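Scroll down for the structure; my scribbles are underneath it.
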Amino acid sequence: MLRVCLCVLLLGVPASAQILQLSAGRSSLLGGTGGEITAFFPESTLSASAGFANGHFVFGASETFKIHGLDVTAGDRVFSYSFDGAGLGVSTRGLFVQRNSRHTSLAVFVGSTGFGYATPFMVTAKSQHGGAGFFLQHHFDNGLLLSSLALIDGGKHTAVQGLSYRSHSLHLAGSGGLLQNQKYFSGEADYQPFQNLNISANHNDFFLADHLTTNSLSGFAGLGHITPQASLLGGQYRMLKTTGASAGASLRIGSITVRSNFYESNHRVLLVHAVQEHFHRWTVSGIVSQLQGQTSYAFGGGYHDNRISLSLDHSVLFFPISGKGFQQTTTVQVSLRLHDTALNFQTNVDPMVHIQYTTYASSYVQGPLAGAAMNSQSHSAGGKFVIGGAVVDEHGQPVEGAAIRLQGGAVVYSDSQGKFFARMKHDKPATLVVLLQEFAAPGRWAITSCPVDAAPGTEVLIRLRREIAP
Amino acid sequence: MKRVLSLLLLQFSFFGLAVSAQTVSPLIVECGKKCRGEFSITNNGLTALAVTVEARSFSLDTQGHATNRPLDSGVELKLEEGSARVPPKGTHTFGYQLKCSAPPCSVALLSSMVVGHAAEGILVRVQLAHTIYICEKQKDCRKKVRAAAGVSVD
C-alpha cells in the first residue's frame, strides 16, 4: 500500500509542475540504488525519492517553500552543518526552518532522526527516534565568525561552539564541545606572510565506527617556476597510530609541469615522479613510482569539452584509518551531457583503500506550466568553415536573440547587432531554419524572407516581422 | 555516522558549493602577443539559457572605468562559437584565439544572456565580461595596462 501511494505521489503530483528534474543511479560506496523526482513549482519545490539500500526498500519526500522570509522544508532532509573543518550530518524527517540575513544564519529542526541516504540521485530517511536542534552562525565585521550547533538525536547530544578569525595573512579557527556524546576538538591555523609562502597546521577529530584523530603540518613556497612543498601527517584510529612525511617540488615551464615527491610512512619510502602537460582540452600525464626497489609506470590524462569529460587520475593519499599510510590511488571520472541530460560515472577510494563507484543520470524536462521551452540541441559542430549572417526586422533594425538552426544540429543565436555565425566541418551549403519558438527575443515574430540554405564564406540576411498580439 | 560523512563528501564532490544566478569564469586573463584561451558560462537556473558572445576593445580612465568600443583593427579574434544554449545547471565553455599586432590590447568578451521567451514586454539582458589583457610579455600585463592608463585605485 505504501509503495502504491508513493507511485501515485511520484507520478501524479509533478504532472502540474513547471520544471521536473529526474535522477536515477547506483552507488557501491553508499550501497544503494534508486531515483528521485524533483518538481519545481512557482512557489515551492517538491521532491520524492525511492530505492533500495542494503537490500531494503527506502523512500523519502520533502517540500521546500518560502514563508515570511523563512526557508521552510517539510519532510526528509540531512541536517548537515560544517564549520572550520568540523562537520555533522544527521538524516532527519521533520520540519526545518532557516533564516539568513547579511550577518546571521539560523536553522532550526524538529522531528525524528535515523538512518538515511543523501546522494545526487536519492534522499531518504528512516525514523528511529525523536530529535531537535539548531545551528547559528554570525559574522562580525572585524573578521570573526561565531558558530554554534546544538542537537538532540535520540539519546545522543551534540553541543559544539566554533570561533574563527580571518585577516589578510592569517586564518585561525577552533571548535570544540560534545559531538554525539563524545568530546570533540578541531583547530586550524593558516599563515601566509607573503603571496608565495603558506604554512598551515590542523588537528581534527572524526567519529566513524570509532574515534579518529588526525594532525598535520604543511607548507609550500612559490619560487618563480619552482614550488617546493613539505608536510607531516599523523593519525590515530583505535589503537593504531600512523605517521607520514612528504617532501617534493614541482617545476612549471609553459604548459608542462614536472613533479617529484618523496613519501614516507610505516617505514616505507615511496618516490613518485610525474610529468603532466596541458594543451587545449587535453591533459596527459606520465608517472614513475619507486617503492621498495620496485619501479612501476602509469599513464593518465583527461579530455574536457562541453559534451564529454573524461579523466584517469593517479594520486597519493594518506589513509590513517586502515594504518596503510601513503597509498597510490587511481580514479576514473566520466561525464556526458546530452541535451538536458547528464550522465556521470565516478570511482572513489574509501577510507579502507577499497575502490567504490557511483553512477547516476539526471535530466530536466519541461512541465505543462513551463511555457515556451528551448528544446534543441545546440552544441557547435566545430570546424573551419564559417556560415554567418544577420537578422533584421521590418525596419532594418537588428533582432537580438533570434534562433537559427543549421544543418547538422547546431542552434545559434543572433547578438545585439543581429549577427550570428556557426562553424561547419564541411565546405558545402547547409540548410537554414529559423526557430521562432526558440527565440530569446520577446514578441511574436513571422519570417518575411530567409534563404533555404547558406554556403560557407557567405553572409545571409534573414528578415522578420514583429506581429501584433491579437 | 561513517556513512553520513561519506555521503556528505560525495555530495560536495558532485555538486560543489551552491551558488545562484549565472556566472562567468575566469573573469580576467593576461596573455602574451598570441593568446589561446577559454572561459565558461554556468547556468545555475532551471531553464535553458541562450548566450551570445560579443567582443569589444576597451580603454580605462584614471578611475579604472572602462569605455567599450568596437574591436580595434590590430586585434584578430577567432571565436570557436558566437552563441550557445546552456542547459539547466550546466556549464558551457567558449574557446578563442586572439592576436594583438600592437600590444598592449585590452579586450572584453561580453556574454549576453536572455532567460526564457516572452510574447510581450521588454528584453532583459544580463552581460558578464571575460576580460583579456595582452602585452608583449604576459607577466603583470594587467598592472601595466592600468598603470599606462594612469589608474591610481586598485
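The values are calculated or read from the model by the stated rules, or taken from the named source; none is laboratory data. Since we're looking at a predicted model, the values are computed, not measured. Neighbour counts run over all protein chains shown; Cβ positions are idealised from the backbone, glycine included.
Looking at (1) in contact with a helix residue (DSSP H, G or I) (Cβ under 7 Å, 6 or more places away or on another chain); (2) not aliphatic (A, V, I, L, M); (3) not in a strand (DSSP E or B), which one does A:Y117 not meet, given that it meets all the others?
(3)
Which residue, of A:S322, A:S309, A:S335, A:S296, is of a type in the set (S, T, N, Q) and assigned to a loop (DSSP other than H, G, I, E, B)? So that I can check it myself, show each step before the final result.
Working: A:S309 fails: assigned to a loop (DSSP other than H, G, I, E, B); A:S335 fails: assigned to a loop (DSSP other than H, G, I, E, B); A:S296 fails: assigned to a loop (DSSP other than H, G, I, E, B).
When all the criteria are applied, what remains is A:S322.
Please indicate, with yes or no, whether at least one residue in the range A:363-380 is modelled with pLDDT of 90 or more and not charged (D, E, K, R). Steps first, please.
Taking the range A:363-380 as the starting set, the residues that turn out to be modelled with pLDDT of 90 or more are A:363.
Checking the rest, the ones that are also not charged (D, E, K, R) come to A:363.
Looking for residues that are modelled with pLDDT of 90 or more and not charged (D, E, K, R), one finds at least one in the range A:363-380, hence yes.
Go through the range A:50-69 and give me each residue that's crowded, with 22+ Cβ neighbours inside 10 Å and either farther than 30 Å from A:M352 by Cα or under 20 Å from the mean Cα position of the chain (by Cα) (or both).
A:A61 - this is the single residue of the range A:50-69 that is crowded, with 22+ Cβ neighbours inside 10 Å and either farther than 30 Å from A:M352 by Cα or under 20 Å from the mean Cα position of the chain (by Cα) (or both).
Quick one: in the range B:86-129, of everything that is facing chain A (nearest Cβ under 7 Å) and part of a strand (DSSP E or B), which residue is modelled with the lowest pLDDT?
B:V114
Could you count how many residues in the range A:435-459 are assigned to a strand (DSSP E or B) and either crowded, with 18+ Cβ neighbours inside 10 Å or among the aromatic types (F, W, Y) (or both)?
Start the filter on the range A:435-459 by keeping residues that are assigned to a strand (DSSP E or B), which leaves A:444-449, A:453-454, A:459.
Within this subset, residues satisfying the condition of being either crowded, with 18+ Cβ neighbours inside 10 Å or among the aromatic types (F, W, Y) (or both) are A:445, A:454.
Count: 2.
Within the set of pairs 6+ apart or on separate chains, which have a first residue in the range A:52-69 that is under 14 Å from A:A39 (Cβ atoms), a second that is among the charged types (D, E, K, R) and surrounded by 14 or more Cβ atoms within 10 Å (Cβ to Cβ), and C-beta atoms under 9 Å apart?
A:A61/A:D76; A:S62/A:D76; A:S62/A:R77; A:S62/A:R93; A:T64/A:D71; A:T64/A:R77; A:F65/A:D71
When the range A:342-362 is examined, which residues are found to be facing another protein chain (nearest Cβ under 10 Å) and at pLDDT 90 or above? Please lay out each step first, then the result.
First, pick out the residues of the range A:342-362 that are facing another protein chain (nearest Cβ under 10 Å): A:342, A:344, A:346, A:348, A:350-351, A:356, A:358, A:360, A:362.
Those that are facing another protein chain (nearest Cβ under 10 Å) and at pLDDT 90 or above: A:A342, A:N344, A:Q346, A:N348, A:Q356, A:T358, A:Y360, A:S362.
Among what's in the range B:43-74 and is touching a helix residue (DSSP H, G or I) at 6+ places or on another chain (Cβ under 9 Å) and surrounded by 15 or more Cβ atoms within 10 Å (Cβ to Cβ), pick the residue that is farthest from B:S112 (Cα to Cα).
B:L60
Please specify each residue of the range A:252-267 satisfying the condition of being aliphatic (A, V, I, L, M) and modelled with pLDDT under 95. Even if it seems obvious, please write down each step before you answer.
Initial filter on the range A:252-267 (aliphatic (A, V, I, L, M)): A:253, A:256, A:258.
Selection gives A:I253, A:I256.
Restricting to the range B:46-75, name every residue that is within 14 Å of another protein chain (Cβ to nearest Cβ) and of a type in the set (D, E).
B:E54
From the residues in the range A:420-434 that are surrounded by fewer than 17 Cβ atoms within 10 Å (Cβ to Cβ) and in contact (Cβ under 8 Å) with a residue 40 or more places away in the chain, which one is nearest to the chain's Cα centre (by Cα)?
A:K425
Test of understanding: among A:S175, A:S186, A:S246, which residue is buried (at least 17 other Cβ atoms within 10 Å of the Cβ), over 18 Å from A:S82 (Cα atoms), in contact (Cβ under 8 Å) with a residue 60 or more places away in the chain and not aliphatic (A, V, I, L, M)?
Details: A:S175 fails: over 18 Å from A:S82 (Cα atoms); A:S186 fails: over 18 Å from A:S82 (Cα atoms).
Unique residue meeting the criteria: A:S246.
Scan A:V353, A:V365 and give me the residue that is in a loop (DSSP other than H, G, I, E, B) and surrounded by fewer than 18 Cβ atoms within 10 Å (Cβ to Cβ).
Details: A:V365 fails: in a loop (DSSP other than H, G, I, E, B).
None of the others qualify; the one that does is A:V353.
Every residue in the range A:143-171 that is within 19 Å of A:H203 (Cβ to Cβ), surrounded by fewer than 16 Cβ atoms within 10 Å (Cβ to Cβ) and among the aliphatic types (A, V, I, L, M), please.
Passing the criteria: only A:L170.
Is the range B:78-85 home to any residue that is touching a residue at least 24 places away in the same chain (Cβ under 8 Å), touching a helix residue (DSSP H, G or I) at 6+ places or on another chain (Cβ under 6 Å) and not in a strand (DSSP E or B)?
no
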